[in-house]
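Every number in this text was worked out from the coordinates using simple rules, so none of it is lab data. No experiment lies behind these values; they were computed from the predicted model shown.
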Ligand code: SAH
């Protein structure tokens, strides 16, 4: 296990192995999570302990290798290189209330949603807790900021890497570390119903977002293979359980694909599906990719769909297209980078 993926308790428990007192474990935790460091030569830990740890233990590292800065707002899209040279991406957004960062939880993804670039090469591997934390720490160090909201909406399916994601969120919450409240963390999932129930039972008020994208099982199954295992009804009943346990509102992400999921009957279906659930709908215009070149709806069509939902008493917003001049969503940046076609994206470097 990587040292910077361990809790303070686990680091303290490790110290006797190195003939050190437990308080050295607390110093290590402070070094990794308060000072946000990974290089022992920049700390003041005993030399002998450092030598032994370097010989026997692993430390995760993450480097920002590219930054694509929007010219119309302050959004930045970033590429991170992991210790084994795998690459993941993320986004930093500035809102009135502070900074939100979207991070990745896996290299690639095995969920197979047809419209999503992240899943096209399948799952490469899970990210460790430290690799998720370091995406936040490296961004904060680079820009001299504090990230207040962390959203698990980069590449990967967070609930398919459940244990590492939970450990990451607990470390992020630690008051001796980043000290982020659970309500300021959002897990976005394609709908792994039994993991949603497991998450509800953790009794942590993490914000939950569901990628719904269609209102009937046959159509949803065609674009999201996970729907063959967990039907819309299974996901909704898991959401009800989650919402009741955490007294929280669930966000439903709904990518609008013109002619497929944006007519009046879809609005009516949404009303039926979400009845009795404290929910909010976030409308996302499709960002067409090479393998899924379906229609992105026009602005007025998105507005119309939103009005239809509101007439039915549903709560809906259209996702602000931050950094819309950087033509890249969910997995697209990494693929372009790997193919060496960076010039297509406006790079600030
Ligand atoms: N696996 C998680 C989180 C990653 S995807 C999930 O499924 O929720 C983050 C969001 O972007 C999801 O709602 C996803 O469905 C959406 N998305 C992916 N590719 C997209 C595209 N080409 N256009 C619009 N939204 C997309």
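Evaluated at 37 °C with a viscosity of 0.692 mPa s, what Stokes-Einstein diffusion coefficient in µm²/s does the stretch 174-292 have when Rh comes from the Kirkwood expression over alpha-carbon pairs?
Values: Rh = 15.2 Å.
It diffuses with D of about 217 µm²/s by this estimate.
In Å and on Cα atoms, what radius of gyration and Dmax does the stretch 265-307 show?
When restricted to the Cα atoms of the stretch 265-307, Rg and Dmax are 12.9, 38 Å.
To the nearest whole percent, what portion of all C-alpha pairs in the stretch 38-87 is separated by more than 13 angstrom? Please report the intermediate quantities before stating the final value.
Values: 842 of 1225 pairs.
Value for the stretch 38-87: 69 percent of Cα pairs lie more than 13 Å apart.
If you average 1/r across every pair of different Cα atoms in the stretch 1-117 and take the reciprocal, what Kirkwood value do you get, in Å?
Numbers: mean 1/r = 0.0591 Å⁻¹.
Value: 16.9 Å, from the Cα pair sum.
Round to a whole angstrom and tell me the spacing of the C-alpha centers of the stretch 177-192 and the stretch 1-53.
For the stretch 177-192 versus the stretch 1-53, the Cα centre distance is 26 Å.
Report the antiparallel proportion of the DSSP beta bridges in the chain as a percent, rounded to a multiple of 5.
Values: 22 of 47 bridges.
Within the chain, antiparallel bridges account for around 45 percent of the total.
At q = 0.14 Å⁻¹, what log₁₀ I(q)/I(0) does a Debye calculation on the Cα points of the chain give, no solvent, two decimals?
Listed by q, the Debye log ratios stand at -1.18.
Could you work out the per residue convex hull volume over the alpha carbons of the stretch 119-175, in cubic angstrom?
Working: hull volume 5.4 nm³, N = 57.
Dividing the Cα hull volume of the stretch 119-175 by its residue count gives 94 Å³.
Under the definition of Cα pairs under 8 Å and six or more residues apart, what whole-number percent is the relative contact order of the chain?
Here the relative contact order equals 16 percent.
Take the Cα pairs of the stretch 136-222, get the Kirkwood Rh, then feed it into Stokes-Einstein at 37 °C and 0.692 mPa s and tell me D in µm²/s.
So the translational diffusion coefficient is about 229 µm²/s.
Find the all-direction average of the projected area of the Cα convex hull for the stretch 3-56, expressing the result in square nanometres with one decimal place.
Its Cα hull, projected and averaged over all orientations, spans 3.3 nm².
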